[in-house]
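Q: Okay, here's the structure, questions in a sec.
The values are calculated or read from the model by the stated rules, or taken from the named source; none is laboratory data. If you're wondering where the values come from, they're calculated on a predicted model, not measured in any experiment. Cβ placement follows ideal geometry from the backbone for every residue including glycine, while neighbour counts extend to all protein chains displayed.
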Amino acid sequence: MNAIQEKQHRENGLKLHFIQSKKYKTINIVAKLRAPLEKETITKRALLPYILKQGTKNYPSRSEFQLKLDDLYGAVLSVDGGKKGENHIITVRLEFANEKFLPEESSIIDEAISLFSEILFQPNVNENGFDESIFKREKDTLKQKINAIQDDKMSYANMRLIDEMCENEPYQLHVHGYEEELDTMTNEDLYNYYQTIFNENELDVYVLGDFDEAAIKEKITSKMTINQQKLPEFNPSQAIKSVSKSQEVIEKQNVQQAKLHIGYRTNIIFQDDDYFALQVFNGVFGSFPSSKLFINVREKNSLAYYASSRMESHKGLLFVFSGIAPNDFEKARDIIRLQVTAMKDGDFTEEELSETKDLIINQLKETMDHPQGLIELLYQQVIGNKTLTPDQLIEGIRNVTKDEVIQVAGKIEEDTVYLLTSEGGSKDE
Amino acid sequence: MNKQIYQEINETLYSEKLDNGLTVFLLPRPEMAKAFGIFSTNYGSIDQTFVPIGETEEVHVPEGVAHFLEHKLFEKKDRDVFADFGKQGASPNAYTSFTKTAYLFSATTNIEKNVETLIDFVQDPYFSEESVEKEKGIISQEIKMYDDQPDWQSFMGTIKSMFKNHPVNVDIAGTVESITSITKDDLYTCYNTFYHPENMSLFLAGNFRPENMMEMIKTNQNKKSFKEMEDLKRNLPEEPEEVAIKENKITMPVSIPKCTIGIKEYGDELSKDDFLHKDLLGGMVLSHFFSTGGEFYQELYKANLIDGSFYFETNLDKNFGYSMIGSNTNKPEKFSKRVIELLLSTNEIELAEDVFDRMKKKKIGQLLRSMNSLEFIANNYTSYHAMGINLFEIIPEIQKLTLQDANNFMKNWISENRLAVCTIAAE
């Protein structure tokens, strides 16, 4: 296997990233639009992807648009918004069959790039903004999405934990936006906002697959030009915040299983030197079936089916998730706390450390076998404002020592314990 | 070892049926960093009634045994297999479906060693009373987690309304009550019967050398001995053509109702050709009408009957098959009424040549895209193989389909007695 070679070009205001690979039978083209997380724009940014994927100027109805995608051998389009640290990213992805596997075809890639550029730059608009019926209809779609979080208890508990933990911080903002803002937003508001994004957002375009670079570059630059004016300043370390006081929040609903989610501040982000050691900490502590959380909460005490941890690399957070019987709350919480203490005390062997490093490296390499996974991994560097190639990341993880992990553990602070439990639950009885 | 080259899709597959009955497939992909392995038995939650190996009397085991067994195979007398894989840089996993139990791993290092660990742990069970009791707490929490998931309740609710007698209508994990009665002996009975190499297959894909790998697997298998395998006798009850419950209502706390229409495709065994036609054309027709931008999708969308959660799926197996169309919706009655009308209308619709050509293109592109994933290939190759179909020859099969095939399929696809509706709503 060869190392990943990412070639970057700046053309027409765009940052182009080309990655050649023969692993796939498709070509992926991905655009990422980055802006700061802000209350004023979050709901508009949540709605935009829904509108953009309904059609373009030349394919104004969803059916015409879909016929075009189907003609390109079932090209798959996805447009969505997401949070990375205190950034909001709108991602547009188009994946289509590589014509190398379709002997009778020779223009798929050209047509796909034209369509891709149209999705971004030539939406279906008239003099008043976006098509009014689509605008109204997609507002409803998003509204239902916002309400449906209630019905997915794991996501709901995660959202509530962040609500409580990051109160008054941008990271608290809900990625799907807010119903009350949707109610007052006009088509004109949204269209005006859309017109600013190519000037004021950072735009990165990735192309991944087995393709002719010179031809693709020419094709893209002939179709896509932006004029970036007032790019915001991104300062990743501003996202870090320490704990003022640790809190416990208990909420009751009609549920069978309680969700115990705990949030920690790691005080470490992607650009920091001890980011590698934080990854290893997370591995020993909770991200694998061989980690302390799984072994102690599930295997030794049979308290849960799942118990694991996940880190947020650009905000300096760590989350623990577990689904337990309502009566086991205190017991499970105390066992989880004991595992944090064990990490701080260095209660893990050199062998565990080296196995965990292998597992993380394995996971990274697997991510790099997956087209979307590889692009997300490469894009971390843009968000983190630091060149750290996947190979350097792997090297950094390999060199982490036990002392460094213990030092990282010492920085980790419990912030919020959140419990979603059954009505008439166990806490006070 | 057989070697088959598929030039158009640039794949080479090695295969062999070993002396003990195990079927092995090797798909080298040297450009990938990882390898993915899946060791699966043709045994799932529907196999509740059967004659155990070496016996003559039929037995009936509690609901959820196949899934319970899957959990317990990871635990050995002195250790946990998760840790063994962990030490070798691999991540293991497993799943139980209606008809299959599969053990899998992915790794980028120690690939041969990890394959050996996979085979050995599945072929060396250790069940004790104590460890069986301990697992009941964990699986109870898994079941409770599903109890709170409206999507899962909606899925199982739809299955239960379609199938009257077929054990596909039983929850894969069982119920908290049924798993309480599971014993160590139940596990051994099922294990000895269904985990015989003759009933299993091993598929490996990724970065390894096929010659060395096959050699290692053979040496490993030659060291072990297995009882002689007679014909496996599984008993499935008669299943009527029509659905069990036309309208099923489930109440649970949801903020927005969910409604699913189930199409009972069939409830007994199909021939290979019928299966392939249903599989390809059924998928293409559903996708043509119901994918975003499709004619039926647009109708439902414009009438405000669906939102972003709208989905459709088809699952066809050897002796049962179903499709589902569902969404979160504030108007479940209107939604289900309209979907049923649209489905029934397909009996009269004739597709045009250019439309069908586009449907074929879409299906081919989807398949190429899926083949980026070693997991997809490994999971699906063996399922198709069990039906006598070669996954790598499906693209030419799609190209061969004619407009007449499609229109004939549509004429008979839907009948009212095979449609069921399941609604989830708050009280």
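Q: Working only within region B:46-97, note down all residues that are more than 18 Å from residue B:130 (Cβ to Cβ) and aromatic (Phe, Trp, Tyr).
A: B:50, B:82, B:85, B:95
Q: Go through region B:1-55 and count every residue that is touching a helix residue (DSSP H, G or I) at 6+ places or on another chain (Cβ under 6 Å), farther than 25 Å from residue B:221 by Cβ and among the β-branched types (Val, Ile, Thr).
A: Final tally of qualifying residues: 1.
Q: Any residue in region A:6-18 that is farther than 30 Å from residue B:395 by Cβ, assigned to a loop (DSSP other than H, G, I, E, B) and among the acidic types (Asp, Glu)?
A: no
Q: With respect to the numbered conditions (1) farther than 30 Å from residue A:315 by Cβ; (2) part of a helix (DSSP H, G or I), which one is the sole condition not fulfilled by residue A:41?
A: Among (1) farther than 30 Å from residue A:315 by Cβ; (2) part of a helix (DSSP H, G or I), residue A:41 violates only (1).
Q: Might you check whether a residue that is within 14 Å of chain A (Cβ to nearest Cβ) and either within 20 Å of residue B:26 (Cβ to Cβ) or free of Cβ contacts under 8 Å to residues at least 12 places away in the same chain (or both) occurs anywhere in region B:122-131?
A: For region B:122-131, residues within 14 Å of chain A (Cβ to nearest Cβ) and either within 20 Å of residue B:26 (Cβ to Cβ) or free of Cβ contacts under 8 Å to residues at least 12 places away in the same chain (or both): present.
Q: Please give the number of the condition residue B:91 fails out of (1) closer than 30 Å to residue B:318 by Cβ; (2) polar (S, T, N, Q); (3) surrounded by 19 or more Cβ atoms within 10 Å (Cβ to Cβ); (4) within 11 Å of chain A (Cβ to nearest Cβ).
A: Just one mismatch for residue B:91, condition (1).
Q: Identify the residue in region B:16-58 that is buried (at least 19 other Cβ atoms within 10 Å of the Cβ) and of a type in the set (Gly, Ala, Ser) and, among all such residues, is nearest to the other protein chains (Cβ to nearest Cβ).
A: B:33
Q: Please indicate, with yes or no, whether at least one residue in region B:216-237 is outside any helix (DSSP H, G or I), under 27 Å from the mean Cα position of the chain (by Cα) and within 19 Å of residue B:323 (Cα to Cα).
A: No, there is no match, as no residue in region B:216-237 is outside any helix (DSSP H, G or I), under 27 Å from the mean Cα position of the chain (by Cα) and within 19 Å of residue B:323 (Cα to Cα).
Q: Step by step: first the residues of region B:282-305, then only those that are at pLDDT below 95 and not in a helix (DSSP H, G or I), then the one that is farthest from the other protein chains (Cβ to nearest Cβ). Which residue is that?
A: Across region B:282-305, the extreme among qualifying residues is B:303.
Q: Return the only residue of B:209, B:234 being charged (D, E, K, R) and touching a Pro at 6+ places or on another chain (Cβ under 8 Å).
A: Checking each option against the conditions leaves just B:209.
Q: Right, here's the next one. Take the residues of region B:346-391 that are among the hydroxyl-bearing types (Ser, Thr, Tyr) and free of Cβ contacts under 8 Å to residues at least 40 places away in the same chain: which is farthest from the other protein chains (Cβ to nearest Cβ)?
A: B:384
Q: Here is a list: A:354, A:313, A:308. Which entry is on the phi < 0 side of the Ramachandran plot, more than 13 Å from chain B (Cβ to nearest Cβ) and small (Gly, Ala, Ser)?
A: Of the residues listed, the single one that is on the phi < 0 side of the Ramachandran plot, more than 13 Å from chain B (Cβ to nearest Cβ) and small (Gly, Ala, Ser) is A:313.
Residue by residue, here is whether (1) touching a residue at least 40 places away in the same chain (Cβ under 8 Å); (2) of a type in the set (D, E, K, R); (3) surrounded by fewer than 20 Cβ atoms within 10 Å (Cβ to Cβ); (4) under 24 Å from residue A:267 (Cβ atoms) holds:
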residue: A:342; (1), (2), (3), (4): yes, no, yes, yes
residue: A:347; (1), (2), (3), (4): no, yes, yes, yes
residue: A:377; (1), (2), (3), (4): no, no, yes, yes
residue: A:404; (1), (2), (3), (4): yes, yes, yes, yes
residue: A:418; (1), (2), (3), (4): yes, no, no, yes
